[in-house]
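Inspection log for the structure reproduced underneath, given as structure tokens.
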Amino acid sequence: MEREAATFRNDGKVLAIVSPDEITVWDLGASKKKYALGVPNRIHRIAINPDGTLFAFGCFDKRIRLWNMVKKNRRQTLKGASMLF
């Protein structure tokens, strides 16, 4: 599987890895995969917020998606904003 991007939570305990069709979230303290999130379009950027509760990813469909890492659900989609990310 090709890896395209990765980002760590500030405490270094969680890692999110982007591949062409999913984001995989790893718990590094437990050395195990927490979950994988299928993505609708190829991703070009990913970031985790400072408190580690959200990550944002920008896709080539010109949308930014915000994902709640605690509840494991989509929080919001911003259309036409991907160039800002």
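Using only C-alpha atoms and all pairs of different ones, pull out the Kirkwood radius for the chain in Å with one decimal. Write out the running numbers ahead of the final one.
Numbers: mean 1/r = 0.0781 Å⁻¹.
Final number for the Kirkwood radius of the chain is 12.8 Å.
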Practice task
Rank the residues 18, 70 as a footprinting-exposure proxy: fewest other Cβ atoms within 10 Å of their Cβ go first.
Solution key: 70, 18
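What is the calculated FRET efficiency for residue 72 to residue 44, with r their C-beta to C-beta distance and R₀ = 30 Å, to the nearest 0.05? Provide the component values of the computation, followed by the final result.
Values: r = 23 Å, r/R0 = 0.76.
Taking R0 as 30 Å, the efficiency between residue 72 and residue 44 is 0.85.
In debye, nearest 20: dipole of region 5-84 around its Cα centre with unit charges on the Cβ of K, R (+) and D, E (-)?
Details: 15 positive and 6 negative charges, 48 e Å.
Taking the Cα centre of region 5-84 as origin, the dipole is about 220 debye.
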Handout entry: Under-25-angstrom lysine pairs by C-alpha in the chain, whenever the two are 8 or more apart or on separate chains
Key = 15
Practice task
Go through 7, 80, 31 and say which Cα lies farthest out towards the positive end of the charge dipole of region 5-84; charges sit on Cβ, +1 for Lys and Arg, -1 for Asp and Glu.
Solution key: 80
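What trypsin sites (Lys or Arg not before Pro) does region 1-55 have in DSSP loop regions with at most 15 other beta carbons within 10 Å? Can you show the working numbers first?
Values: sites: 3, 9, 13, 32, 33, 34, 42, 45; in loops: 3, 9, 13, 42.
Of the trypsin sites (Lys or Arg not before Pro), the ones in loops of region 1-55 whose Cβ has at most 15 other Cβ atoms within 10 Å are 3, 13, 42.
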Fill in the blank from the handout: Given backbone amide H placed at 1.01 Å from N, residues whose amide H is under 5 Å from that of residue 45, ignoring those fewer than 5 places away on the same chain, are 58
Fill in the blank from the handout: Sorted by chain and then number, the residues having a modelled amide H within less than 5 Å of the amide H of residue 54, at least 5 places away or on another chain, are 49, 69
Exercise for the section: Collect residues whose amide H, placed 1.01 Å from N in the peptide plane, falls under 5 Å from the amide H of residue 28; neighbours closer than 5 in sequence don't count. Expected result: 14, 15
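A short reminder: the numbers here are calculations on the coordinates, not readings from a lab. What you see is a predicted model, and the numbers here were worked out from it, not measured in a lab. We place every Cβ from the backbone using ideal geometry, glycine too, and count neighbours over all the protein chains shown.
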